[in-house]
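*Asks:* Before we start, here is the structure in question, set down as structure tokens.
Read-outs throughout are calculated quantities, based only on the coordinates presented, and are distinct from any laboratory measurement. None of these values were measured; they are calculated from a predicted model. Here the Cβ is made from the backbone with ideal geometry for all residues, glycine too, and neighbour counts use every protein chain on show.
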Amino acid sequence: MGIYTILALALGLSADAFSFSLGLGMTGVTRRQILLISLTVLVFHIIMPLAGYFVGGVFGVFLGKFAGVAGALILVLLGLRMIWESISRQERNFTGYVLTSTYGIVILGATVSLDALSVGFTLATQKIALVFPAVIMGIVAGAMTFAGLGFGQKVGEWLGGRAVLLGGLVLVYIGVKLLL
């Protein structure tokens, strides 16, 4: 697999991380949270394809579909919760918990990286060495997450209170799109 193919694959896998991060960034994130979430996504985008590569086979087809559905549903639920908070004018407790707890950040990183698990399954069937591509996928995903969170933070500051509503709508849209 050539470097351009690896980069194209990495960019494709990172598009949802960027979109997700853009919506999440609108809710108000600190620089520390941007760094932690970006590094978590980077690590998961390395681990997931390697895990998929080694699991592979018959389980790969089933788990790949299940992983995609689970990830999409988590995004929809997070987005709906953000929309509810915005409409009901409640404190952003749920979103704040997700962004400040280690558990929440790990769940986010895993959710955004589930599609990389299926890539690992697929690449295993092609007998392609995966360590270098997985590292590239991780670096690109981390950079795209960082950019999405940073840009979303700026947009969120500009939009003010409507940012949580818009961020929630973005997450629901991405989740529904992944389900379909």
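*Asks:* What's the exposure ranking of Thr40, Thr102, going from fewest to most Cβ atoms within 10 Å?
*Replies:* Placing the least packed residue first, the sequence is Thr102, Thr40.
*Asks:* Follow-up. In nanometres, what is the gap between the two model label sites at Tyr4 and Phe151, each 7 Å from Cα along Cα-to-Cβ?
*Replies:* It is 2.4 nm.
*Asks:* For Trp158, Trp84, what ranking results if the residue with the fewest other Cβ atoms within 10 Å of its Cβ goes first?
*Replies:* Fewest to most other Cβ atoms nearby, the residues stand as Trp158, Trp84.
*Asks:* For a footprinting-style exposure proxy, rank Tyr53, Tyr103 by other Cβ within 10 Å, fewest first.
*Replies:* Ordered from fewest to most neighbouring Cβ atoms within 10 Å, Tyr53, Tyr103 come out as Tyr103, Tyr53.
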